[in-house]
Amino acid sequence: MKHVTMLAAALALGLGAAAQAEEKFITIGTGGQTGVYFVVGQSICRLVNRGTAEHNLKCTAPSTGGSIANINSIRAGDMDMGVAQSDWQFHAYNGSSKFEEGGAFSDLRAVFSVHPEPFTVIARKDANIKTFDDLKGKRVNVGNPGSGQLATMEVVLAAKGWTMADFALASELKPAEQAQALCDNKVDAIIYTVGHPNGSIQEATTSCESNLVAVDGPAIEKLVNENPFYSWATVPGGMYTGTDSDTATFGVRATFVSSASVDDETVYQVVKAVFDNFDRFKKLHPAFEILKEEEMVSAGLSAPLHPGAERYYKERGWVQ
């Protein structure tokens, strides 16, 4: 009897070890800890990890440099999925702009899009910056290397015929550092391509007198008209202290991407975790409240859909 009990225990241990061995760890690239990308990754992982017992997936979503860093990490095989601005998804897949040198990432796959992200400029009140043109000769935080905001800022400057040399200072602080730098008078303005409301911008506008700045005019109009991944955007008045009226700008969408080398079942289970718990997902950040499922499977996506995502969308009748 003792031998039978020991055998049963050994078998149970063996089965437990086998189940443990089958667990698959996936990593999602996000962005700075004060940004919405970090919340997107953390939220997806939270929903995936609730179902680990069924699908054996365990998910982590570390803070990263942002869009371009995430795409490069997915390409290198260091990450399975990541969040990226819609413009950088387009450029990575087509091998244009920042991705010209490395060539097209033809294995990049779209999974779904998330919230709209207006290109947002916040300036100290005493810097007297009313329009984007007033940034000339000022100290501006343009975003950290690897971030979508820095890359988009470079696109805006090129469209206007400016360079970084047109600023008195072009600092490359991370999102977590920029509000304090603004309020410590180390910079006159900060740039952030982000979903709203945003913690970093709330920190800046409540800690010191500051205001949002419109980003419009002929050069921006041309940019929006010529690029399908850009659209006009508005930051509602009253959302932030110091800015009572709507602020006109342009923007992109946050998108969730992967690679053709990530297996279909993994992507299917991640997508299922989000959309089977969609009401729960929408409550995880105010920027998610406006999301519509049908829009998320097409808006801002320029790389082909990952087959794992497509399988789920077909099951729901959202794609043919």
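For segment 162-201, the tally of residues that are part of a strand (DSSP E or B), closer than 20 Å to Gln85 by Cβ and not aliphatic (A, V, I, L, M) stands at 2. Scan segment 200-216 for residues that are under 27 Å from Ser302 (Cα atoms) and out of contact with any helix residue (DSSP H, G or I) (no Cβ under 7 Å at 6 or more places or on another chain) and the total you get is 1. The residues on offer are Ala110, Ala127, and the sole one that is crowded, with 16+ Cβ neighbours inside 10 Å and in the same structural domain as Ala309 (by TED's automatic domain parsing) is Ala110.
Taken over segment 276-286, residues that are closer than 24 Å to Gly51 by Cβ and touching a residue at least 60 places away in the same chain (Cβ under 8 Å) amount to 5. The set of residues in segment 142-153 being at pLDDT below 95 and assigned to a helix (DSSP H, G or I) consists of Gly148, Gln149, Leu150, Ala151, Thr152.
Of everything in segment 209-223, what is under 16 Å from Pro118 (Cα atoms) and either part of a loop (DSSP other than H, G, I, E, B) or not assigned by TED's automatic domain parsing to the domain that holds Val235 (or both)? Give them in sequence order. Selection gives Val215, Asp216, Gly217.
The single condition among (1) touching a Pro at 6+ places or on another chain (Cβ under 7 Å); (2) more than 22 Å from Phe119 (Cβ to Cβ) that Gly65 does not meet is (2).
Go through segment 103-121 and give me each residue that's farther than 21 Å from Phe38 by Cα and either without any contact (Cβ under 8 Å) to a residue 12 or more places away in the chain or of a type in the set (A, V, I, L, M, F, W, C) (or both). Within segment 103-121, Gly103, Ala104, Phe105 meet the criteria.
Residues in segment 278-320 that are of a type in the set (Ser, Thr, Tyr) and in a loop (DSSP other than H, G, I, E, B): Ser298, Ser302. Within segment 56-79, the set of residues being in a loop (DSSP other than H, G, I, E, B) and either of a type in the set (Ser, Thr, Tyr) or crowded, with 24+ Cβ neighbours inside 10 Å (or both) comprises Ala61, Ser63, Thr64, Gly66, Met79. Screening the candidates Ser259, Ser231 for the property of being assigned by TED's automatic domain parsing to the domain that holds Gln89, of a type in the set (S, T, N, Q), farther than 21 Å from Glu315 by Cβ and buried (at least 16 other Cβ atoms within 10 Å of the Cβ) yields one hit, Ser259.
Between Asp184, Asp246, the distinction of being surrounded by fewer than 20 Cβ atoms within 10 Å (Cβ to Cβ) and touching a strand residue (DSSP E or B) at 6+ places or on another chain (Cβ under 7 Å) belongs to Asp246 only.
The values are calculated or read from the model by the stated rules, or taken from the named source; none is laboratory data. Nothing here was measured: the structure is a model prediction, and the numbers come from that model. Cβ: placed from backbone, ideal geometry, glycine included. Neighbour counts: every protein chain shown.
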